[in-house]
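Only one structure is covered here, and it is reproduced in the block below.
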Ligand code: SF4
Ligand code: SF4
Ligand code: SF4
Ligand code: SF4
Ligand code: SF4
């Protein structure tokens with residue numbers, strides 16, 4: 001039996017649903033015991049565990065300390081979801097005045113303690129495995145849990161959504177219909193859900209942490225703009241999920 | 001028969017004397033300038049008919065072979081892909097494809113269809129294919145497709161050559177490929193009299209006509225005028241049975257004229273292969289050149305996946321509830337994972353992977369299969385979301401290139 005904990009930071013909890021679902025498979029439940037998971041078990045404080053899944057990004061000092069203490073108590077850390085891995089949708093606020101954002105969302109903004117920046121978990125601690133996605137693909141999680149129980153890990157395939165799109169035999173919506181699609185610059189894992197419904201990928205798994213630089217991202221943005229996508233929308237999509245990678249690229253670094 | 005080839009204005013030579021099924025001996029002639037990829041219309045043994053006749057031909061072939069499934073380009077809801085056809089009439093006959101770098105549309109204003117993003121590769125080496133299954137008790141079961149008999153209908157000369165290239169790499173080595181390849185009982189090829197805008201098959205001797213490796217070929221002279229020829233005794237038997245008329249001189253003349261036009265147009269699209277190969281060898285180490293030609297490339301891998309000759313796969317083990325399976329999945333060299341090994345990465349920088357794609361097609365396939373690995377179908381150009389154009393790369397390689 002492996003002991004498991006699930007820790008949630010700033011997020012929509014969509015990935016939490018996938019975790020709950022994964023633990024409905026009998027072969028998985030028989031090998032893992034959930035020790036700490038606020039949504040499922042009534043335990044106040046997380047103890048030592050073999051694996052911890054961390055969902056969400058870091059918004060304040062308190063969460064940052066929490067993540068560090070969690071790392072110290074866990075043998076293996078998995079960052080779950082685009083928020084934990086790259087920043088996630090909350091990164092959209094980066095660049096705006098944090099007080100304006102607070103006021104726009106909360107009735108009593110003075111109680112909200114939040115960084116002006118967004119920190120993915122991967123910025124603060126060393127993680128052993130990442131599963132991006134908004135939300136994650138349930139089968140990536142079950143695959144992880146099953147392989148881990150056998151003493152292995154899933155192979156990480158670093159590729160674009162396009163690869164999954166082509167392996168599914170889908171016709172490219174960008175080339176054949178002129179629909180703007182972020183698939184070429186987005187990390188795979190979703191199984192090309194959006195193109196399978198005839199719409200473009202909107203980049204929810206985050207932009208690729210490999211192969212991109214500013215020049216390439218700009219060439220790609222120009223391509224989307226040619227297809228009629230609004231410049232601000234393009235920037236929002238690129239930044240809004242894969243913030244960590246996007247900001248690194250925009251600072252001039254290679255992804 | 002005139003003793004001169006219409007296309008080449010050269011003499012016909014006798015190749016062999018064959019016994020027909022009808023019991024009559026027939027002399028097989030060929031243009032003396034013929035090379036293996038540019039046949040002179042099978043000695044002008046051309047027949048003529050319409051799509052109704054093609055339907056008859058397909059039906060007769062299916063009857064003759066018994067219980068075979070049809071695979072080809074099929075039109076369904078405005079979309080064309082390569083796959084199993086329920087019926088012969090799914091074949092696209094009333095639409096044209098418009099192909100440009102990064103652009104594909106189906107149009108109803110023309111009627112010549114070239115090809116879709118998917119090719120016969122999707123059948124021969126499915127994008128995700130099961131290799132074996134391991135039971136809970138660690139028993140290994142090899143997966144297979146069971147017995148099948150398949151007819152390829154309307155594949156293009158470039159597609160057919162791509163199959164020969166894949167044969168050289170995978171036949172007898174990949175069980176999945178070998179089994180599927182063996183299941184193909186007959187091949188009907190549609191030749192191209194008007195190539196697409198991104199096609200350059202003639203420059204790599206892969207089209208637009210076909211001289212061997214098929215049973216029946218047809219070319220669309222006009223909307224409903226097809227010129228037929230056979231490439232095997234099976235094909236000959238079927239064409240005779242279908243009662244097709246011999247093509248008239250006017251058909252033959254028009255056919256060869258269109259072929260000649262197609263060839264001269266496509267040949268001008270890339271530099272000569274020998275020059276390209278020479279230039280490639282000289283410029284392998286020219287980092288700035290490769291960075292420049294791949295500057296818009298984002299490594300999405302579409303070019304690999306749509307390419308009818310790209311065969312690279314990743315092996316992945318998938319653990320399910322109660323069993324595990326091993327699958328092969330397409331994974332092309334433009335992808336970051338390609339070249340990533342335990343402890344390092346052989347081709348971390350994207351330009352080195354783009355370069356590898358070009359080098360493999362033009363320098364390494366010749367070592368592997370004795371011929372260039374590019375059949376000039378242009379799919380990598382059309383289906384690149386950024387419109388990266390292989391022809392530009394090839395022409396820039398050779399200074400003073402034709403473009
Ligand atoms: S539809 Fe999108 S994900 Fe699919 S191949 Fe085209 S660009 Fe890539
Ligand atoms: S399809 Fe185009 S952008 Fe994608 S990997 Fe190939 S050349 Fe690069
Ligand atoms: S490299 Fe491009 S043009 Fe050549 S066979 Fe492949 S897809 Fe076709
Ligand atoms: S070009 Fe790349 S993907 Fe295609 S066969 Fe060669 S190495 Fe494989
Ligand atoms: S590459 Fe040649 S054979 Fe293939 S579709 Fe184009 S013209 Fe036809």
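We did not get these values from a lab; they are worked out from the coordinates using the rules stated. In this text the structure is predicted, and so the values were computed from the model without any measurement. Here the Cβ positions follow ideal geometry from the backbone for every residue, glycine too, while neighbour counts run over all protein chains shown.
What's the FRET efficiency of residue A:168 with residue B:148 using the Cβ-Cβ distance as r and R₀ = 30 Å, to the nearest 0.05? Kindly include the intermediate steps, with their values, before the conclusion.
Working: r = 22 Å, r/R0 = 0.74.
It comes out at approximately 0.85.
The alpha carbon centroids of the stretch B:63-141 and the stretch B:252-314 are separated by 23 Å. Counts of other chain beta carbons within 10 angstrom of each beta carbon in peptide A:169-181 average 6. Where only DSSP H runs of four or more residues are counted, chain B gives -8500 deg cm²/dmol as its mean residue ellipticity at 222 nm, each run worth -39500 (n - 2.57). Spin-label model, residue B:260/residue B:93: points 7 Å from Cα along the beta carbon direction are separated by 3.0 nm.
Each of B:271, A:69 was scored by other Cβ atoms within 10 Å of its Cβ. Listed from fewest to most, they are A:69, B:271.
Which of the peptides B:304-310, B:259-265 is most tightly packed, and how do the rest follow, judged by the mean count of other Cβ atoms within 10 Å per residue? Walk me through the intermediate numbers first.
On the way: B:304-310: 26.6, B:259-265: 16.6.
Order by mean packing, descending: B:304-310, B:259-265.
Round to the nearest 10 and give me the degree value, 0 to 90, for the angle of helix B:157-170's Cα axis relative to the longest principal axis of chain B. The answer is roughly 50 degrees.
Between the C-alpha center of the stretch A:76-107 and that of the stretch B:144-177 there is a gap of 51 Å. State the Cα centre-to-centre distance between the stretch B:374-396 and the stretch A:1-36 in whole Å. If you average the Cα positions of each part, the centres end up 46 Å apart.
Quantify how strongly other chains surround peptide A:150-158 by giving the mean number of their Cβ atoms within 10 Å of each of its Cβ atoms.
Numbers: counts 3, 0, 2, 0, 4, 6, 2, 9, 7.
For this peptide, the per-residue mean of nearby foreign Cβ atoms is 4.
Order of B:280-289, B:162-171 by packing, highest average Cβ count within 10 Å first? Working shown, then result.
On the way: B:280-289: 12.7, B:162-171: 19.7.
Sorting B:280-289, B:162-171 by mean packing, highest first, produces B:162-171, B:280-289.
Taken along the Cα-to-beta-carbon direction at a fixed 7 Å, the label points for residue A:226 and residue B:248 span 4.7 nm.
Any idea what the alpha-carbon Rg over 2.2 N^0.38 Å comes to for the stretch A:2-149?
Numbers: Rg = 15.7 Å, N = 148, 2.2 N^0.38 = 14.7 Å.
In units of the globular-protein estimate, the stretch A:2-149 measures up at 1.07.
Shape analysis of the stretch A:161-250 places it in the oblate category; the axes a ≥ b ≥ c from the Cα gyration tensor give an a/c of at least 1.5, with a/b not above b/c. Multiplying the residue separation of residue A:150 and residue A:42 by 0.36 nm and removing their Cα-Cα distance gives an extension gain of 36.0 nm.
Among B:275, A:159, rank each residue by its count of other Cβ atoms within 10 Å, from fewest to most, as a rough exposure measure. Show your work: numbers first, answer last.
Numbers: B:275 16, A:159 26.
So the ranking, lowest neighbour count to highest, is B:275, A:159.
The mean count of C-beta atoms from other chains within 10 Å of the C-beta of residues in B:301-312, rounded to a whole number, is 3. Under the criterion of Cα pairs below 8 Å and six or more residues apart, the relative contact order for chain B equals 20 percent.
On C-alpha positions alone, give me the angle between the axis of helix B:273-283 and the longest principal axis of chain B, in degrees, nearest 10. In chain B, helix B:273-283 runs at an angle near 10 degrees to the longest axis. Normalised by the number of residues in the stretch A:61-125, the average gap of Cα pairs under 8 Å and 6 or more apart makes the relative contact order 46 percent.
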